[in-house]
Each structure stands twice: as structure tokens, then as C-alpha cells.
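Taken together, the values in this text are just the output of simple stated rules run on the coordinates, not laboratory data. Please read all numbers here as calculations on a predicted model, not as lab measurements. Positions of Cβ are backbone-derived with ideal geometry, glycine not excepted, and every protein chain shown enters the neighbour counts.
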Amino acid sequence: MTTTTKPSFSASRSRRGFLRLTGIVATAVSVAAVAGCGPKTGAAGAGEEAGALPDYYPAGYNSIVEGSKTEGGALTIYSNTDQENWAPVFEAFQAKFPWVTKINASNLDSDEVFQRVLSEQATNGSPADLIVSNAAQAWAGFAERPGVLADYRSPELTHVPDFAQVLPSVYAMSLDPMTISYNTALLPEDQRPTGLTSLARIAEQHPDTFRDKIMIRDVGGAFGFTVSYDYVYGQKDPEAAWRALETLLPLARPETSSGTQIEKITSGEYVAGFFISGAPAFPVEDRSGGLFVTTFLDDGTVVLPRAAGIAAQAPHPNTAKLFVDFLLSADGQAAIAKGGLTSFRDGVATAEGSRTYADLVKEVGEDNVIFARYEAVPEAEVTKFVDRWNGLLNR
Amino acid sequence: MTATVTSPPPQRDELKPPRYRTIAGAGRGTWIQYAVLGVVALLVLAPVVPTLYQSFLDRPLYEAGGVFTLDTYVRLFTEANFGQVALNTVLFAGLTTVLAQLIAVPMAVLVVRTRLPLGRLAAGGMQWPFFISSLILGFGWITMYGPAGFVSVWVRDLVGTVPWNLYSIPGMAITEAVALAPIAFVFCSNALRQSDASLESAAQVCGAGPLRILRSVVLPMLRPPIVYSSVLIASMSIETLSVPLLYGQPVGIDVFSTFLYTNGLQAIDPDYGVLGAASVIILLVTVLLVWVQVKLLRNAQRFVSVRGKATRPRQFDLGRLRWAGIAFVAIYLVVGALIPIGGLIFRSFTQVFTPLQSPFDTLSMANYERIFTYPAYIQSIWNSILIALIGAVLVSLLAMFAVVVARRSPFRFGRLVEYLSLAPQAMPGIIVGIGYFWALAYAPASIGGLIQGTIWALVIAFGLRALPGAFGSIAPVVMQLGQELDNAARVSGADWFKTFTRVLGRLLTPALAGSMILVFVTMIKEYSPAVFLAGAESNVIGTTALELWVQGNTGSVAALATLQIAITAVFVGIANRLLKGRSHA
């Protein structure tokens, strides 16, 4: 029962074939776009052709490719990323490196990814090659430990924005923007927010519409804390952000998962909510027929990098390196966009149901993009923030 | 101890008493009893020992240099508003248990022992809410009865206000009670089907009418199933996470499980020591509950109803009162099960499901397509079926042996077997998962490596979680079987095991089948231990649903739940058919 079919994502022939076709078109488009963008972005070469590598890779890179061929064609990823996000990425990776036939990605809770690797490394050894998570605090804590991560400097680094390296040897594969969402059936045109400041102003004028009907993410959880804390302290004037929150939080209720958030806004239990992860929200906007709308915040959109690092005890280290480089490459970024996550490399086309980093910058301006920090916040600071935040809630 | 007859007196050949071999000086009965104890102890202790150990350590197990400390317990009890959390938990669990029994006991009596139109249909329908995981059921309730639910909106349009508040402790308790009432119902109806008509006839001879017989004879005889199911329901509602998280979190009602979830697993820096300590506290509460249960049922003789003389339970005629009975059954079925589950199935065929927009505008099969596009999702459905099938057989057999050893054997450690079998009922699934993870990590590489990350790890972990339910569904039935049946077999020369296979085992076949259904249903919707134990290739329906849920694909979650209901319905249908053929044997 557990013997998997070789490429993990290959069934449903007709649909896959169609996706592959659109994939080729998307890649062709992105290559064409890249070609016009000067040396910084560098043409990715012949996209889908097996084994073809960008010309800016170092001469010794071939040893990694050859090493990967001897590793049995397997790769194990511990991630908190969904199968649907991964599917196009694996497909494109396997098209390029056809000897990698078996990719396994477990989808664990954001923190469990790390606990599991640490537990396994302490006992029988861990089968994990690659660790992928967007839990910024946990990543920072994990990477601090000696001997858990393999040192690796990706040759793609010269061709992607600096923020792609979130920690030494840890690379962002996508950025998850935190959005504001609302229900258009409940909010007339003139009451639709464009950011927290705008939402606070509207809520002040119409307190009855918004009482107990604004949704936030619970700051007691790691995810909610990271995005909320970084929003406030990523502002030029954090106290101004607090003033908006002083209006909003007494009207708000906290929820603990993106799924609940999206469903409850759609059903009308809440009229609006903020810091909702874009990856699940954008496809819902597309299929809700205009009922559910999600937008970036014009007074500061937090982006949470989803980062990958190679485990120190990786059983397939060369394949893992190929995969990390692929995630940062033009082809990889296009596949990531296709899977519904926000890719950031210049020239990647926007795919259906997702937005790219370029879309975000175009919409809110570079100054209004706040990068969630991959550093541990001291416990006292956490308590102070959580207490102030929760103190404003009406409960 | 064993009835080893050394020199049989000369008799006619066909009546020769059987001879039994002994192994190392003990009869096979003794060996089997020790084997049962060993298996149960291994299953239960494997995850408990690492948890207990962790609760006394100042750092995660995997870090070297841990120091013994009681600090974890101090931190747990001094955590802000721990008192309020404890109070909420007691209120929630108590109210859930009482409500579940108020629904289940009258329902079981009505459906099994009175002539009710469509009684068979009602008996089947009564179990529906149990087929669905409470995460899904809770969500069904929110879409119907929540602040912006279909029914709430309709009632508000009708009378101007919504007269209930789902986001409250009573709201949580009602939902959970509807979800768990089927347990009590199954336990009680099993017992009622076996009840002794001679007791009732005795009452009738004394001039008692049907109501009086129900009150004075039938109900008191239900004490074992009520006690077993109450303890089970109380501990399950202490452990349950989904309903408190869905209803309580937005309005700030914390119970023990959500407290653990937010302060432990979802926390910025999870404190595994405090998690371990909290699990140990829950374990202690469970042991206490089981102890109370044993005390309440001490005089087991009183509940014997199946004696050497066979009788056939008969049905009462309630006269006009039966219409009240029908109304009661119908309200539960329609409000508790039909509306939320119907909404769920409807949800699975729509893209957007909200009172704000006609759901017929977005009818589609896309939710099902999504599931069948990804091999990993399809695999998870097969895994769930396989795990539940294997588990249903193995766990029910183990539970039957455990019950018989605990209640019907001269085994010295019989009571210990019972405690161990019931202990897992309040172990939070996630703790079971982490505990087994550690147990497998420390097991000899040959065993650990073989099981780790495969579906066998899940069969074991899910099976452990289902064991108390299976034990609880079989034990009351055993208590109804008169000891004289055993004695008759023993007098005829059968040893303990022969008695079991020829007499008790036969009489227990319906209970065993009932237990298999219960275990199958429990295991097919189980997921929490899998969050830590499942490998990339051993996902189950529950973990896939969670994944789809977090992505905001609620429609596909509903589709998955619908598939799960269909699978369960098919299984239960087949099992019931087989059971019907055998129960008259």
C-alpha cells in the first residue's frame, strides 16, 4: 500500500498534460520577459530541456549534477507547504532532472517540521533532505543550533533580490503576502477598506456594521504573532499603527486558521478581516463571483518568506542542492507561481489564482512592503506585545 | 487453575471430556491471559512512558543534558487563567455528558424497545453524526446555526432576532453532545437488545404498566452502558479540540485542549515539558474517572440478564405517547444530523456556500475534481480505508479478549487489563502521536525502522485511541451474561479458553460486530496522531482534510467528508447485513 508510484505527481493524465502545456507556455513567456531585462536577471537558458543549466553557474557545478545521479533519484522534504503548491514545482524539477523520480514532501505543522528533524537527528538519523517552512521565529531558532543545517551558497544568489537569503544557507522560495479581505455583499462600495488605516476610519464611522465582525489572526499562535508584530514594528511610526488597532481590536475576534478566516468572511459571519494569508485567499476570490475580495494593504503589507534549507544529515545532499537552486531559478519561480504561491524573481508571469512580488510592489509601492524578519523576538518582548494586543480585544 | 483432567473415567467415546496440554506448567488460558496483558500494556505504555519522562525534564527529549525538574508542573498551574480554563473544561465536559445521555438513553429505549413507526430507520440515522469528525460536524453547525448561518438568518428574518448563541459553552456542549450521543446510544441499544424478558414479565405480573416497567426495570438495567459511555464521553470531550477551537476561540472561551493547543503546539516557542505535564494531568483525570466507573459497577451480578434460559426481548406499546417519542427522535435527527450533514453534502457540490448568495449559482464538481487530481489525496483515502479495516478487526478482537480476561477469568491482573484498556480514552491524539514517535525512535532499529512512517504506525496509534471505545462497547454485554453459562461449560470439562470460544465468544459475536463498526468509524475519521506520525506516503483522510481546510478549500473538505460518509455508510450497511444473519444464531 505504501509503495508510491514513481513520480509523486503524475496521475490524471489528461489534466496533467494540459497543465504541462500551459507550463511550457508560461515558461516561454517568462523567458521572453527575462530576455529583455538586462544582465541582472540573466536568461535561464533552454527552460524545460533536461539538464540544461544557466550559464552563470560555476564550472564545478557539474559535480553536483553527477553526484545527484548517484543518489538513487529520491528527495525527501519536510515542509508545511501543501501538495497543490508543490505539484507544478516537482513536475518542472523532474522535467529538468529526469533521474529524480521520487520526491516526497510531508505537510507538517509549521513548528513540527523542526521538532521532527531535531527528534530524528537525536535518535536514528533523519531521512529529511530539505526543510521548508514559513515559521520565521522557529526557523531562526532552528538555524541557530550548530550542526543542523548544511552550509550551501546557491549560485542563483547573484540573480535574485538580496532578500532571497533570509538566513545563512536558508533561501526564500516564495513570499506569502498578508492581505485584507472583505465581503462585498455586506460592505457598500464606500465602506471597503484598502488598508488598516482606512479600515479604522471606516469602522469609526460605522461601528454597528463592524462590531464583532472584524476578524484577526490569534496572536497567541506563532503565525499570528509574526505577521501582527512585524506589521506594527515594520511601520515607520508603530504608534500610529497602534492607534488604528485601538479602534479595530475592540471590534475584532481572533481566529486560528486561514481556512476558517476565509470561510467565515464568505459566509458573512465577519464583514472583513486582516492579515489573511494570500496563497489560500486569492483562488477563493477568483471563484467567489465577486463576493469575497482580497487586497494588499496600502499602509504596509507584510510578506512572510517561505524558506528552504538543506539538512546537515541529508541522505541526498546533491539532489537537495539542485532543488534549492531550482527553487530560485527562473523556471522554479514560474512553477512556484503556478502552484499558487508568490514568487519574487523578476520577470515571472502572474499565474491564475496567485500574485507575484512584482504585482505587490506595483500595487502598494516598495516602501509599503514589510518583510517578516527571520529573527527570534525575546520572550519578554513577545509577552509585552501579546498582552497589549489582547488587552485591546473586547472579551 | 486449569481444568486439566488427567485420567478420564471410562465413558462412551463421543462424550469423552477434552484434554488440554499445558505449556511450561501453565494451561493455555494462563498464557493467553498474560499475552493479552502484555499486548495491552505495550500499546498503552509505549506512548505514556516518553510523555511521563518528558514532563519531568527541563528541555525537549531530543536535547542532551536534560535535568529532572518539577518546574513544568509549577508552570502549568501558575499559567495565567488556568483556573478559568479548568472551570470551563469541567462545565463543557459535564454538560456534554449529561446532554448526550439525555439524548441517547430515551432514544435507545424508544427505538429498541417500543413499537415505533420507522424505528429501524431511526436507529440507523441516530448514528450518522458519529460518522463525521467533529471538525466537520462543527463546521456544518456553524454554516447552519452560527451567527451568519442559513438557519440563523432564516430565523432572524422570521422573528427579528436569533434566540440562541452557538459561540458559548452550552452551544459547544450541544454540538459535542450530538456528535458523541451515538456512543451512548450504541452501548445502550446493545444492552437493551440482550435484556431479560423474564424480569419484565415479573413486573407485569405484579401489575406494572409499560411506563412503570421502563422506569423500574429497563432503565436501571442500563446502568453499565450508561456509566461506560458517560466516562468515555466525558473524557473525549476533555480531549476534543475542534469544536472548542471553532466556537470558543473567537469569543475567548478556553478549555483545556485549546489551552494546550495555543500555549503548547502553536506557541511561538512550544514548551514540550508543559505539554507533557498537561498530558499527565489528563491521564490522571482519566484514571480517576475509570476508578469511579469501576466503583459504580462493582456489584456486577445485578446487571446479568442473559441467563441459561433463552428469552426474546419484546417491544412495548406506548399508545399515544409514541407520537411524543417520534417527535423527539425526529427533532434530533433533523436538527442534529440531517440539516448539518445535508448542508455539508450540498456544500460539496458548490463553489460558494453562504446565505448571501444562492448556492445554486455556483454548482460544480470542482471540489471532487481537486481531490481526484492529486495522487497523494487519493492515496490518503485508500490509506484510511485500509487502516480502519485492519484496525476494526484487530482492535475489536483485542478488546474482546481484554474484556473477557478482565471480567471473566481467574487472572490475577484482570483488573489491570481493564484499567490499561480504558486509559487511552483521554490521551490527546497529538500526545499519542508524539509518544509513539518517540517510542518508535527508541525501539530497536529493526522494529522502529519497519513501522516508522508507514501505515502500521497509524494502525497502532489509531487503534490505541479506539481501544477504550471497543472495550466499552463489549464490556456491558459481558456483564449481562450469567456466570452459570461459563460454569456449565467448565463443569462439562472445558478449560477457560474452550469456554471462551464455545460459549462466551458465540454470545459475544453481535457485540464484537458492533464494536467493529464503532472502531471502523472511529478510525476512519481519526487524524490527530497522524499529524506527527504520518510520513509523506501514509497520509489519511483527516490529514488531507486539514490540509485542504488550511488552504481555504472548504468545498473540497466537504467533498472529502461526503466521501467518508459514503464509505462509512457502505461499510456499516454491509456489517449490519452480516450481523443480522448471525445475531439469531
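Per-residue mean of foreign Cβ neighbours for A:263-273 is 6 (Cβ atoms of other chains, 10 Å radius). Taking amide H positions as modeled 1.01 Å from N, with prolines and chain starts lacking one, the residues under 5 Å from residue B:552 and 5 or more places away or on another chain are A:259. Any chance you could check the Cα centroid distance between region A:324-349 and region B:320-358 for me, in angstrom? If we compute the Cα centre of each part, the gap is 46 Å.
The aspartates and glutamates whose alpha-carbon is closer than 18 Å to the alpha-carbon of residue A:362, local same-chain residues fewer than 8 away aside, are A:176, A:298, A:299, A:346, A:352.
P(r) tail for region B:317-421: Cα pairs beyond 15 Å make up 79% of the total. Calculated FRET efficiency, residue A:151 to residue A:194, Cβ-Cβ distance, R0 = 56 Å: about 0.80 to the nearest 0.05.
Between the residues B:455, B:493, B:511, the greatest Cα displacement towards the positive end of the dipole of region B:455-551, with unit charges on the Cβ of Lys, Arg, Asp and Glu, is found for B:493. Relative contact order, whole percent, for region B:48-126 stands at 14, derived from Cα pairs under 8 Å and 6 or more residues apart. Using only the C-alpha atoms, the convex hull of the protein assembly as shown corresponds to 181 Å³ per residue. Across region B:390-398, rounded Karplus estimates of 3J(HN,Hα) from the backbone phi angles (6.51 cos²θ - 1.76 cosθ + 1.60, θ = phi - 60°) give 4, x, 4, 6, 5, 5, 5, 4, 4 Hz, Gly and Pro being marked x. Summing Cβ point charges (Lys, Arg +1; Asp, Glu -1) relative to the Cα centre of region A:240-395 gives a dipole of roughly 300 debye.
Derived value for region B:464-524: Kirkwood hydrodynamic radius 12.5 Å. Basis is the mean of 1/r over every pair of different alpha-carbon atoms.
Counting Cβ atoms of other protein chains within 10 Å of each residue's Cβ and taking the mean over peptide A:101-110 gives 4.
Dipole orientation for chain A: of the candidates A:181, A:106, A:267, A:106 has the Cα lying most toward the positive pole (charges on Cβ; Lys, Arg +1; Asp, Glu -1). The mean number of Cβ atoms from other chains found within 10 Å of a Cβ in peptide B:145-157 is 2, as a whole number. Judged by the mean number of other Cβ atoms found within 10 Å, the most tightly packed of the peptides B:211-218, A:360-367 leads the ranking B:211-218, A:360-367.
P(r) tail, region B:203-280: Cα-Cα pairs separated by more than 14 Å, 73% of all pairs.
Distance from the Cα centroid of region B:38-110 to that of region A:77-116 is 34 Å (rounded to whole angstrom). Computed about the Cα centre, the dipole magnitude for the protein assembly as shown is approximately 6120 debye when only Lys and Arg (+1) and Asp and Glu (-1) carry charge, each at its Cβ. With Cα atoms as the point set, the radius of gyration and Dmax of region B:491-573 evaluate to 19.5, 65 Å.
With respect to chain A, whose longest principal axis is taken over its alpha-carbon atoms, helix A:112-122 is tilted by about 40°. The alpha carbon centroids of region A:129-151 and region B:128-159 are separated by 42 Å.
Peptide packing: for B:387-394, A:242-249, A:336-343, the average count of neighbouring Cβ atoms within 10 Å per residue gives the ranking A:336-343, B:387-394, A:242-249, highest mean first. The charge dipole of chain A, taken about the Cα centre with unit charges on the Cβ atoms of Lys, Arg (+1) and Asp, Glu (-1), comes to about 820 debye, rounded to the nearest 20. A quarter of the convex hull surface defined by the alpha-carbon atoms of region B:177-232 gives 4.0 nm² as the mean projection.
Tell me, what is the Rg over Rh of region A:129-249, with Rh the Kirkwood radius over Cα pairs?
Result for region A:129-249 is an Rg/Rh of 1.09.
In a fully extended conformation the segment linking residue B:483 and residue B:338 would gain 47.9 nm over its present Cα-Cα distance, using 0.36 nm per residue. Loop-resident chymotrypsin sites (Phe, Trp or Tyr not before Pro) (DSSP state other than H, G, I, E or B) in region A:325-386 with no more than 13 further Cβ atoms inside 10 Å of their Cβ are absent.
Projected label points at residue B:98 and residue B:569, each 7 Å from Cα along the beta carbon direction, are separated by 3.6 nanometres. Net charge of the neighbourhood of residue A:79, taken over other residues with C-beta under 12 Å away and scored Lys/Arg +1, Asp/Glu -1, is -3. If both residues of a DSSP beta bridge must be in the protein assembly as shown, then about 60% of such bridges are antiparallel.
Counting only alpha carbon atoms, the long axis of helix A:317-328 and the longest principal axis of chain A meet at about 50°. Here, chain B is characterised by an Rg to Rh ratio of 0.98, where Rg is the alpha-carbon radius of gyration and Rh the Kirkwood radius. When the protein assembly as shown is described by a simple charge dipole with +1 on each Lys and Arg Cβ and -1 on each Asp and Glu Cβ, the residue from B:62, A:210, B:167 located farthest towards its positive end is B:167.
Highest mean first, what order results for B:232-245, B:122-135 on Cβ atoms within 10 Å? Don't skip to the end; give the middle numbers.
Values: B:232-245: 24.6, B:122-135: 22.0.
Taking the mean over residues of other Cβ atoms within 10 Å, the ranking is B:232-245, B:122-135.
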